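Colleague: There's a structure below that I have some questions on.
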Amino acid sequence: MAENSGFGNDLVWLSVLVQRRYVQICAEHDLTSAQATLLCVIMDEPQGMGELAQALGAAKNALSGLVDRMERRGLVRRETLQHDRRTVTLSATALGKQIVGALYADVDERIAEIAGALPADERHRFAGSVARITAPVRRTSSPVPDADRLGVGD
């Protein structure tokens, strides 16, 4: 059996390392990764439920269940628009913003440990590369490019 090698293989294993660490950090904040990702998307700007479902690659009913659980915990708030009562937006509450801020700080600190084996100049280039790769995704408010496997039903 031939050993898999190459960039694709390395990216798979990097993804495994990052996801493991992300799930651990989320659990320490009493969040599933889906809950944390949703909070990250709405932290700075409320989003419509339809837009969120599309951005997260989730069915609206699965997203509604996730939002119900988060709303009961006081992390998010649903609001209807006065000019269109059918449109529901979702925003992070003060508690949700506080938790996601702490989550970001932990992710910054602990995900960086993954690149700790690299010399400082390589870590700097790696961080710049990651920022360029993720910039288009951040602009669309979707935290992952292929979000349909997010597990929004968590």
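Colleague: I'm trying to understand the selection: among the residues of the range 73-91, which are modelled with pLDDT of 95 or more and either within 19 Å of Glu28 (Cα to Cα) or of a type in the set (Val, Ile, Thr) (or both)?
Modeller: Answer for the range 73-91, where residues must be modelled with pLDDT of 95 or more and either within 19 Å of Glu28 (Cα to Cα) or of a type in the set (Val, Ile, Thr) (or both): Arg73, Gly74, Leu75, Val76.
Colleague: Considering (1) touching a Ser or Thr at 6+ places or on another chain (Cβ under 7 Å); (2) under 23 Å from Ala105 (Cα atoms); (3) assigned to a helix (DSSP H, G or I), say which one Gly74 fails and leave the rest.
Modeller: The failed condition is (3).
Colleague: Can you name every residue in the range 107-124 that is over 18 Å from Ser15 (Cα atoms) and either in contact (Cβ under 8 Å) with a residue 24 or more places away in the chain or assigned to a helix (DSSP H, G or I) (or both)?
Modeller: Correct list: Ala120, Asp121, Glu122, His124.
Colleague: Okay, moving on. Got a number for residues in the range 31-53 being in contact (Cβ under 8 Å) with a residue 12 or more places away in the chain and of a type in the set (D, E, K, R)?
Modeller: 2
Colleague: Hey, another quick one. Name every residue in the range 106-127 that is open to solvent by 50 Å² or more (accessible area, probe 1.4 Å) and closer than 18 Å to Ala34 by Cα, in order of residue number.
Modeller: none
Colleague: Here's a follow-up. Suppose we filter Ala53, Ala36 for residues that are open to solvent by less than 30 Å² (accessible area, probe 1.4 Å) and more than 15 Å from Ala92 (Cα to Cα); which single one remains?
Modeller: Ala53
The values are calculated or read from the model by the stated rules, or taken from the named source; none is laboratory data. Source: prediction; values computed, not measured. Glycine also receives a Cβ, built like all others from the backbone with ideal geometry; neighbour counts cover every protein chain displayed. To get the accessible areas, we keep the full protein, side chains included, count just its heavy atoms, and leave off ligands, DNA and RNA. Shrake-Rupley method; radii C 1.70, N 1.55, O 1.52, S 1.80 Å.
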